[in-house]
Amino acid sequence: MCTTVMTGYGFWNVFSWLTFFVLITALILWFRSQGRSDYKEDSLQDEIFYGGNPVPSDGAEITVPASSAYWGFKKALHGFYTLLDSWHSGIATDYVAWFVFTVAIFALLLVF
Amino acid sequence: MLKPEMHLEYLAKSLWVFHCNSGSCNGCDIEIVACISPRYDIERFGMKLVGTPRHADALLVTGPVTKYMADRLRRIYAQIPDPKVVVVVGNCGCSGDVFYESHTLDGPVDRIIPVDVYVHGCPPRPEAIVEGVSKGILKLEKLRQGLLEEREIEGFIVTDPDQEETLSAEEVLAE
């Protein structure tokens, strides 16, 4: 456990790692202590700033889901996505069946 | 804990300012932006505009406070840590100006939150805004000293009759 690992570029052992861990933790705590401490806890000064509005209790109202990035695609290719969605049953055996079916078609194309 | 700024007698902390447009025509806002341009460059004194009231020492308010903005202005004021000062920039915020008694207004600003410095003008020149903020610093220093004295005497609250009091966040929202 206490062996020193020599890599050719440096070394590592648990004591040096612990020393750096303690030093960096102390540094982070010191930085944290330099922040403002003159605010009132459990008041509005503790609350997230949301443009002067009350912060919605439902997190979905203040987050942008990743699917929003594809909104334009889904709108423009509405027919295509509707078809794909209808094919997605969520059952694994259906997907395996699609795989076998597709491989069979490609195999036939390759043979003939 | 070592706090280097505690050894400074004056301007222990750079002034960080949050700007709230409560219904302004943007004339005053443009003059505020001019203050941070190279000609006036208030950032050389450490003053800067910040994006959240939780980091701010001073609140710059422009506009006559429309009904929609009144609650938002109260909340923004309440979110600034103490000590804090409010500087109103422009005639609209100071008195309502030509919009005085309009049915769409809840302002001027001092009807919504306590105001420390009024900067008149339509719009005020950047020099006037810088002077107003400087007066705000003087007030802020007084408030800061008051808070420090309160902390020195643990368990007791020192009240200085000469010291103007700023309403707490809860008091403002209660109003």
Given (1) at pLDDT below 95; (2) out of contact with any Gly (no Cβ under 7 Å at 6 or more places or on another chain); (3) surrounded by 18 or more Cβ atoms within 10 Å (Cβ to Cβ), index of the condition B:V88 fails
(1)
Residue satisfying condition, being modelled with pLDDT of 90 or more, surrounded by 10 or more Cβ atoms within 10 Å (Cβ to Cβ), in a helix (DSSP H, G or I) and more than 14 Å from chain B (Cβ to nearest Cβ), within set A:Y95, A:Y70
A:Y95
Has the range B:66-74 got any residue that is buried (at least 21 other Cβ atoms within 10 Å of the Cβ), closer than 22 Å to A:F49 by Cβ and aromatic (F, W, Y)?
no
Here is a check on your reading of the model: is B:D116 within 14 Å of chain A (Cβ to nearest Cβ), surrounded by fewer than 24 Cβ atoms within 10 Å (Cβ to Cβ) and modelled with pLDDT under 95?
no
Among (1) under 24 Å from the mean Cα position of the chain (by Cα); (2) in a helix (DSSP H, G or I); (3) of a type in the set (A, V, I, L, M), there is one condition A:V64 misses while meeting the rest; what is its number?
(2)
Collect the residues in the range B:73-107 that are within 14 Å of chain A (Cβ to nearest Cβ) and free of Cβ contacts under 8 Å to residues at least 24 places away in the same chain, keeping them in residue-number order.
none
So which residues in the range A:30-44 are more than 10 Å from every other protein chain (Cβ to nearest Cβ) and either surrounded by 10 or more Cβ atoms within 10 Å (Cβ to Cβ) or acidic (D, E) (or both)?
A:E41, A:D42
Can you confirm whether the range B:127-142 contains a residue that is under 24 Å from B:M47 (Cα atoms), in a loop (DSSP other than H, G, I, E, B), of a type outside the set (S, T, Y) and more than 13 Å from chain A (Cβ to nearest Cβ)?
no
Can you name the condition, by its number, that B:G46 falls short on among (1) away from chain A (no Cβ under 13 Å); (2) under 23 Å from A:V55 (Cβ atoms); (3) modelled with pLDDT under 90?
(2)
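The values are calculated or read from the model by the stated rules, or taken from the named source; none is laboratory data. Source: prediction; values computed, not measured. Glycine gets a Cβ as well: all are built from the backbone with ideal geometry, and neighbour counts include every protein chain shown.
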